[in-house]
1. Given just the C-alpha atoms of the range 170-222, how large is their convex hull per residue in cubic angstrom?
2. Apply the Karplus curve 6.51 cos²θ - 1.76 cosθ + 1.60, θ = phi - 60°, to the phi angles in the range 151-156 and return the couplings in whole Hz, x for Gly and Pro.
3. Say R0 is 25 Å: what FRET efficiency, to the nearest 0.05, do GLN389 and ASN255 get from their beta-carbon distance?
4. Pick out, in residue order, every one of the trypsin sites (Lys or Arg not before Pro) in the range 122-197 that is DSSP loop and has at most 16 other C-beta atoms within 10 Å; say none if there are none.
5. Taking the Cα centre of each part, how many Å lie between the range 377-391 and the range 175-203?
6. If you filter the range 246-297 for chymotrypsin sites (Phe, Trp or Tyr not before Pro), then keep DSSP loop positions with at most 14 other Cβ within 10 Å, what is left?
7. Assign unit charges at the C-beta atoms only (+1 for Lys and Arg, -1 for Asp and Glu), then state the dipole size of the range 56-218 relative to its Cα centre in Debye, rounded to the nearest 20.
8. Please go through the range 207-275 and write out the GluC sites (Glu not before Pro) that DSSP classes as loop and that have at most 12 other C-beta atoms within 10 Å.
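Read the figures in this text as sums done on the coordinates, not as results from a lab. All values reported here derive from a predicted model rather than from experimental measurement. Every residue, glycine as well, gets a Cβ built from its backbone with ideal geometry; the counts of neighbours run over all protein chains shown.
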Amino acid sequence: LHLFLDTDAIEKGGPVLKASPPLAADCFRCRSTSSMQGFSELARERSKTVTSFYNQSAIDISAEKASVRLTLATLLYSGKSPDGHHILSSAKYLHKELPVRIAHRIKGFRSLPFIIGCNPTILQVHELYIRAYHMLSDFPQIEDQDVEARFCKLVQQLLDDHKDVVTMLAQGFKECRKHMTDEAVLRSFLDSTLCSRLGIRMLATHHLALHEDNPDFVGIICRRLSPKKIIEKWVDFARRLCEHQYGNSPRVRINGHVAARFPFIPLPLDYILPELLKNAMRATMESHLNTPYNVPDVIITIANNDIDFVIRISDRGGGIPHNIVDKVMDYHFSTAEESAQDPRMSSLFDNITNSGNQSNPMHGFGFGLPTSRAYAEYLGGSLSIQSMQGIGTDVYLRLRHIDGKGESFRV
């Protein structure tokens, strides 16, 4: 099925969208002439995007190209040139690479079941990707620093435009959940889309950060990242939220290789750690509501070796029931659903995760753990859960080193 924009109808104030029958009529209702007049200007602005949904040959051509994924070791050791040539090289790579990756995602949206692709929120995200593709494709070749500076402004604009995509996808898929019959299709689409988004944001923010003069960083790569310090940052936020809502919070103990330092990117940890800590603290407090001032500690263990590093978060929050433990990694499954997403905590953790560096409120829609799992796997690692019902849960986050033994992961 195809969507087309009736440009003549736009000028006359008539119905904007028309589609191949019969299903399109179920998704879009034609509006009267009078009701459409107020939307004609908006329709003109969106005409280029809407017509691109199913008949844009440029996107099709880009989608057939393979993306060029770089190892973070390459980014880390590429060095800096006094004349800024490294920045121009980075910009040229992004200018060529980003349209290809975005075209792949547009192709993914097109492949969704029709009834899901018609969801207004998902359509809005689809449109964001199409608009981003055109803005990048229409940008001139980058040959000097002036053009590169304009390119940076465009990249920053696109980052801002897409900052809520995770939440929008979560909302959209929640709205059309009843129409989903194949969980494998859902998981494949969301894994690909969310991981592609993470990769694009990492590359884009890395390029922008190359302009900054920070001796501790190469772009967004911290030369000597301390997992203990980044854990402590998110523990502090999470504990304060618990204290605000419950009057107390679990004490957190960090042990293991607490002095470990190595090159890594804080960004994915800023996505994943708030979700894992939130789950551990909420489970602990929820299972000890009768004794809120006498709750067991949350214990975090860091293990570092020459291949990868592991962060284990152990709580005594009663564990996950046997009948749902296999579902917690599924998109849209949340143990808080029965209590309306646990209003005591969900809105507050929305605020806190939003305050982090590019972090999004993944939880609350059943997106937290599966998204964290997808991110960990994208970064050459894994996220696994060991739960003992009646006791507690251990979560293992394993991530591969940038410069460890073996090939580094690619983004």
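1. Details: hull volume 4.4 nm³, N = 53.
Output value, Cα hull per residue: 83 Å³.
2. Values per residue, Gly and Pro as x: 5, 4, 5, 5, 4, 5 Hz.
3. Details: r = 25 Å, r/R0 = 1.00.
Given R0 = 25 Å and the Cβ-Cβ separation, E is 0.50.
4. On the way: sites: ARG131, ARG150, LYS153, LYS163, LYS174, ARG177, LYS178, ARG187, ARG197; in loops: LYS163.
Loop-located and lightly packed - LYS163.
5. For the range 377-391 versus the range 175-203, the Cα centre distance is 20 Å.
6. On the way: sites: TYR246, PHE264, TYR271, TYR293; in loops: TYR293.
Passing sites in the range 246-297 are TYR293.
7. Working: 19 positive and 20 negative charges, 131 e Å.
Dipole about the Cα centre, nearest 20: 620 debye.
8. Working: sites: GLU212, GLU232, GLU243, GLU275; in loops: GLU212.
Here the GluC sites (Glu not before Pro) that fit, given the DSSP loop and packing criteria, are GLU212.
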